[in-house]
Amino acid sequence: EAQVTQNPRYLITVTGKKLTVTCSQNMNHEYMSWYRQDPGLGLRQIYYSMNVEVTDKGDVPEGYKVSRKEKRNFPLILESPSPNQTSLYFCASSHRTGGYEQYFGPGTRLTVT
Amino acid sequence: AQSVTQLGSHVSVSEGALVLLRCNYSSSVPPYLFWYVQYPNQGLQLLLKYTSAATLVKGINGFEAEFKKSETSFHLTKPSAHMSDAAEYFCAVRFNFGNEKLTFGTGTRLTIIP
């Protein structure tokens with residue numbers, strides 16, 4: 001089944017404790033992206049990757065890191081989480097040709113206390 | 001700046017009534033346009049998309065949307081609402097064909113009244 005998976009689905013952590021949210025897709029997509037969803041703000045792009053070893057900042061990159069060492073994986077790293085990073089996070093992927101539909105993972109709800 | 005506006009953060013309609021969710025975008029160049037639906041505690045699912053073919057686009061679950069270049073709009077409609085349509089709906093636009101980025105509206109929560 002074609003899908004984007006994220007882990008963990010739920011995470012409660014404390015300020016300053018490094019964490020990684022994993023994202024994996026099995027559709028051989030070149031493009032991957034991370035978004036955060038906050039009430040009243042919709043989804044905002046954090047980082048994106050056009051292909052392996054090619055990443056760039058989105059609209060709200062502060063406090064986040066990413067890497068793209070393999071085509072299928074695109075982890076999101078919070079080196080020192082803060083309470084303002086409490087949010088719902090989505091990973092998405094798509095081909096760079098055709099209809100450009102982005103497929104979304106199920107989301108990771110992060111709470112930083 | 002390029003932006004996407006969804007009028008009405010909450011919309012309520014009676015079961016069987018017309019659903020109309022509004023989306024406007026700011027761009028002089030026709031972009032790619034999408035509607036996604038998010039059910040409680042789930043990810044986003046594509047409803048339909050416009051990619052410069054027919055201006056009236058049909059999607060899943062009986063939804064459709066019409067691209068109107070002169071009004072820079074892409075409103076979502078469904079002739080007869082069903083209880084299962086209760087969800088949050090997001091309009092998304094790809095303005096820049098270089099990085100595939102989607103710019104989202106702030107979402108509209110649709111409530112269906114029995």
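No lab work stands behind these numbers, since they all come straight from the coordinates. Keep in mind the model is a prediction, meaning the values are calculated, not measured. Here the Cβ is made from the backbone with ideal geometry for all residues, glycine too, and neighbour counts use every protein chain on show.
Output needed: percent of Cα pairs per 10 Å distance bin for the stretch B:40-114, bins running from 0 to the one holding the longest distance.
That works out to 16, 48, 30, 6, 0, in percent per bin.
Please compute the Kirkwood hydrodynamic radius over the stretch A:17-113, one decimal place, Å, based on all pairs of different Cα atoms.
Mean inverse Cα-Cα distance, inverted, gives 13.5 Å.
Pairs A:LYS18/A:LYS57; A:LYS17/A:LYS71; A:LYS17/A:LYS57: which are spaced more than 25 Å apart, C-alpha to C-alpha?
Over 25 Å apart, Cα to Cα: A:LYS17/A:LYS71.
Pull up the cross-link candidates among the lysines for B:LYS49, meaning alpha carbon to alpha carbon under 20 Å and not fewer than 8 places away within one chain.
By straight Cα distance, B:LYS49 reaches B:LYS58, B:LYS68, B:LYS69, B:LYS78, B:LYS101.
When ranked by the protection proxy of mean other Cβ atoms within 10 Å per residue, highest first, what sequence do the peptides A:45-54, B:60-69 form?
Per-residue Cβ counts within 10 Å, averaged per peptide and sorted highest first, yield A:45-54, B:60-69.
With a ≥ b ≥ c taken as the square roots of the eigenvalues of the C-alpha gyration tensor of the stretch A:27-67, please select rounded if a/c is under 1.5 and otherwise prolate if a/b is larger than b/c or oblate if it is not?
oblate
Return the Cα extents of the protein assembly as shown along principal axes one, two and three, sorted largest first, each rounded to a whole Å.
49, 38, 37
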